[in-house]
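Below: the structure, in structure tokens.
The values are calculated or read from the model by the stated rules, or taken from the named source; none is laboratory data. In this text the structure is predicted, and so the values were computed from the model without any measurement. Here the Cβ is made from the backbone with ideal geometry for all residues, glycine too, and neighbour counts use every protein chain on show.
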């Protein structure tokens, strides 16, 4: 096995869930969003940890993600946040998954499936207050849809929700307009006598920015993994990054000035140098955009990625590291000694966000799950 893996600190996940829970209004439910394999951290392990520390609901993007959790033994409520084809309605119902609904076709497909199975299907109605993605744009149409759904005997209208587009921006007028529309929707539902148990709008940024935002459940995504959604949101609670991406030096060589490194010979040493080869590449989720831009930690010293990142390997200039040796630990993301390669800085270097950097982590990278400083589980492909 290559000496490359991702360490996932489950104690940090637990801490982050508890920290966020501490600022929620009393009685507010917390949905732990574990889509995209738990943002690259591992959906099952994150889900179990979140549920043990205050989460009461799980969110996934697609039916297969929810089914995978059910088959692993998760019994907590799970909401599919994204699209599901009507021909998958039977699977959704048989696995006890709640489905986001915004079309009559899916509504009736779920109802028919539930009738066939003699079960009740849970749905959450999606309303588009400004994201321009899934959901009803017209509030009146959403209310009429909710009325129709509530008359279907094999359906339970468990929730209704919307999604912020700009809650990660400080004092966003657009987010405030979304809240106004959300408030108007909730008032219309109340006037229509519709009592929908879960009403939710806030994502991680919304939680941190608008702690008193109307609703009785929140959806915790990126901040559960230890990252603030942007540098504009309040950072009044302490979040702990759970991810540490680790490899090791597998080859060292001294080279003279003028040595070219990696594909395209785009990098050339300007002085004698010590070059380390690391068994990590873009197939592992370490972006090729970090070629001659990225940094790593070796023996607590920051060293540069030099030349182009290859599919399976990359090179570092470790000339400045005293006593550097084969087998030394290399930290690509996370803490080593007194320094840390923050995901935020990695994201900035390649023009993206922490969410994408997490999700890029390849499946062939083993995940080592840590609790109280010890590895308690290793998950491989």
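The table for this structure:
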{"read-out": "Among residues of the range 257-294, those that are part of a loop (DSSP other than H, G, I, E, B) and in contact with a strand residue (DSSP E or B) (Cβ under 9 Å, 6 or more places away or on another chain), counted", "value": "16"}
{"read-out": "Leading residue by the ranking (modelled with the lowest pLDDT) among those in the range 354-381 that are surrounded by fewer than 17 Cβ atoms within 10 Å (Cβ to Cβ) and in a loop (DSSP other than H, G, I, E, B)", "value": "381"}
{"read-out": "Test: residue in the range 143-155 that is farther than 18 Å from residue 102 by Cα and within 24 Å of the chain's Cα centre (by Cα)", "value": "no"}
{"read-out": "Criterion: out of contact with any strand residue (DSSP E or B) (no Cβ under 8 Å at 6 or more places or on another chain) and buried (at least 22 other Cβ atoms within 10 Å of the Cβ) - qualifying residue of 205, 142, 184", "value": "205"}
{"read-out": "Elements of type strands (runs of 3 or more DSSP E) contained in the range 206-256, each with 2 or more residues being more than 28 Å from residue 371 (Cα to Cα) and not assigned by TED's automatic domain parsing to the domain that holds residue 16", "value": "251-255"}
{"read-out": "Subset of the range 185-205 [under 19 Å from residue 126 (Cβ atoms) and assigned to a loop (DSSP other than H, G, I, E, B)]", "value": "192, 194, 195, 196, 197, 201, 202, 203"}
{"read-out": "Matching residues, the range 296-335, being surrounded by 17 or more Cβ atoms within 10 Å (Cβ to Cβ) and touching a helix residue (DSSP H, G or I) at 6+ places or on another chain (Cβ under 9 Å)", "value": "305, 307, 308, 309, 310, 314, 332, 333, 334"}
{"read-out": "Condition met for residue 171 (at pLDDT below 95 and closer than 25 Å to residue 207 by Cα)", "value": "yes"}
{"read-out": "Residue match in the range 76-99 (condition: at pLDDT 95 or above, assigned to a helix (DSSP H, G or I) and within 27 Å of residue 209 (Cβ to Cβ))", "value": "no"}
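Okay, residues lined up against (1) within 30 Å of residue 311 (Cα to Cα); (2) over 15 Å from the mean Cα position of the chain (by Cα):
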position: 2; (1), (2): yes, yes
position: 17; (1), (2): no, no
position: 31; (1), (2): no, no
position: 47; (1), (2): no, no
position: 60; (1), (2): yes, no
position: 73; (1), (2): no, yes
position: 77; (1), (2): no, yes
position: 81; (1), (2): no, no
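Each row is one residue, and each column tells you yes or no for (1) under 22 Å from residue 219 (Cβ atoms); (2) in the same structural domain as residue 57 (by TED's automatic domain parsing); (3) touching a strand residue (DSSP E or B) at 6+ places or on another chain (Cβ under 6 Å); (4) exposed (fewer than 15 other Cβ atoms within 10 Å of the Cβ).
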{"position": "101", "(1), (2), (3), (4)": "yes, yes, yes, no"}
{"position": "115", "(1), (2), (3), (4)": "no, yes, no, no"}
{"position": "120", "(1), (2), (3), (4)": "no, yes, yes, no"}
{"position": "148", "(1), (2), (3), (4)": "no, yes, no, yes"}
{"position": "152", "(1), (2), (3), (4)": "no, yes, no, no"}
{"position": "163", "(1), (2), (3), (4)": "yes, yes, no, no"}
{"position": "167", "(1), (2), (3), (4)": "yes, yes, no, no"}
{"position": "173", "(1), (2), (3), (4)": "no, yes, no, yes"}
{"position": "178", "(1), (2), (3), (4)": "yes, yes, no, no"}
